[in-house]
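Peer 1: Quick one: the structure is below, and I'll ask about it shortly.
The values are calculated or read from the model by the stated rules, or taken from the named source; none is laboratory data. For clarity, every value in this text was computed on a predicted model and none was experimentally measured. Ideal geometry is used to build each Cβ from the backbone, glycine not excepted, and the neighbour counts take in all protein chains shown.
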Amino acid sequence: MALQKPKWGTPNIKANKESTMKRTVFVDIKPDSKIRVRFLPPWDSDGMLFFAAFNHYRYLDEKEKRAWACLTRHGTEADGACACCEMSDYLKKQRTKDEKRQGRDVEARGRWYSQVLVEGMEGEGPKLLALSKTTADQIIDILQLQATDDEAFFTDPEQGTWIQIERKGAKLETTYTVLPTSKRVPLSGLFPEWEDKMLNVQEALGLKIGDRKTQLASIIETFSKTVELDDVFPIEELTSAATE
């Protein structure tokens, strides 16, 4: 009995591409593209739709690049005052353009994060959408308009709608446009487990919250060769941080 030849399949390009892609909880809007997202409702009684994360970038920590969470925003009383804020403020007040630029480079930069379901990726569950302040303000404007018109908020689990976000340009030329849509989509119809799968945002972001002494040690490693740090911080603090 002759063996039958197998029925060879046709390569599924989309499926193969998706299989090699790294899964992430973060939404990436490519330049000159648009996406539609379904915002999840605020996850606490404060009613905050956004988690504002502020980081100081361009620091070194044991020769590795490090972004430190701003203690002014994310620290506790026990952590102490934010040394990175003080470093940035000092540099921005100096005379040379290079020092002022350095100060701007290491000042705290904020992103506003919301949990969303992404159209076409609903089965992957909640993801984090990072927005600039100006884009977050556009989102808030839509909420304000819906409140004024006594409409259901786009975050409502049953009556909520898709929100379209379009990105144009890249880097410093990037702009975002946010538009509401009229299509009502219950969250349970997109991802039934959405309540159980909501993210711990701070944990997902992996904020590096180092206390003041930890920040000072990083400041010493980053700036000791270019800045007279005892003009910025008490010498006792610097000595203690350097010997920790």
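Peer 1: In the stretch 159-170, which residues are at pLDDT 95 or above, closer than 30 Å to F54 by Cα and not in a strand (DSSP E or B)?
Peer 2: So the first thing to find is which residues in the stretch 159-170 are at pLDDT 95 or above, and the list is 159-168.
Still in the list and also closer than 30 Å to F54 by Cα: 160-168.
Within the stretch 159-170, G160 is the sole residue that qualifies.
Peer 1: Another question about this same structure. Only one of V106, V25 is touching a Leu at 6+ places or on another chain (Cβ under 8 Å) and modelled with pLDDT under 95; which? Reasoning before the result, please.
Peer 2: Values: V106 fails: modelled with pLDDT under 95.
On inspection, the qualifying residue turns out to be V25.
Peer 1: Look through the stretch 82-109, keep the residues that are more than 23 Å from the chain's Cα centre (by Cα) and part of a loop (DSSP other than H, G, I, E, B), and return whichever of them is surrounded by the fewest Cβ atoms within 10 Å (Cβ to Cβ).
Peer 2: Per the stated criteria, the residue is R95.
Let's see how each residue does on (1) over 18 Å from the mean Cα position of the chain (by Cα); (2) of a type in the set (S, T, N, Q); (3) surrounded by 13 or more Cβ atoms within 10 Å (Cβ to Cβ); (4) part of a strand (DSSP E or B):
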residue	(1), (2), (3), (4)
L172	no, no, no, no
Y176	no, no, yes, yes
S182	yes, yes, no, yes
G189	yes, no, no, no
A204	no, no, yes, no
K208	no, no, yes, no
S218	yes, yes, yes, no
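Peer 1: Let me ask something else about it. Applying the selection to the stretch 58-94, what residues are more than 20 Å from S224 (Cβ to Cβ) and in contact with a strand residue (DSSP E or B) (Cβ under 8 Å, 6 or more places away or on another chain)?
Peer 2: A69, C70, T72, R73, H74, G75 - these are the residues of the stretch 58-94 that are more than 20 Å from S224 (Cβ to Cβ) and in contact with a strand residue (DSSP E or B) (Cβ under 8 Å, 6 or more places away or on another chain).
Peer 1: Being among the hydroxyl-bearing types (S, T, Y), modelled with pLDDT under 95, surrounded by fewer than 18 Cβ atoms within 10 Å (Cβ to Cβ) and more than 17 Å from the chain's Cα centre (by Cα) narrows it down to one of S45, S33, so name that one.
Peer 2: Values: S33 fails: modelled with pLDDT under 95.
Result of the check over S45, S33: S45.
Peer 1: Turning to a different aspect of this structure: Go through the stretch 30-64 and report how many residues are under 30 Å from M121 (Cβ atoms) and either aliphatic (A, V, I, L, M) or in a strand (DSSP E or B) (or both). Can you show your working first?
Peer 2: Filtering the stretch 30-64 for residues under 30 Å from M121 (Cβ atoms) gives 30-55, 57.
Right, trim to either aliphatic (A, V, I, L, M) or in a strand (DSSP E or B) (or both) and you get 33-40, 48-49, 51-55, 57.
Number of matching residues: 16.
Peer 1: Still on this model: If T20 meets every condition in (1) surrounded by 11 or more Cβ atoms within 10 Å (Cβ to Cβ); (2) at pLDDT below 95; (3) of a type in the set (S, T, Y) apart from one, which number is that one?
Peer 2: The single condition T20 does not satisfy is (1).
Peer 1: When you scan the stretch 120-139, how many residues do you find that are in contact (Cβ under 8 Å) with a residue 12 or more places away in the chain and exposed (fewer than 15 other Cβ atoms within 10 Å of the Cβ)?
Peer 2: Here is the first cut: in the stretch 120-139, the ones in contact (Cβ under 8 Å) with a residue 12 or more places away in the chain are 122-136, 138-139.
Checking which are exposed (fewer than 15 other Cβ atoms within 10 Å of the Cβ) leaves us with 123-124, 133-134.
Count: 4.
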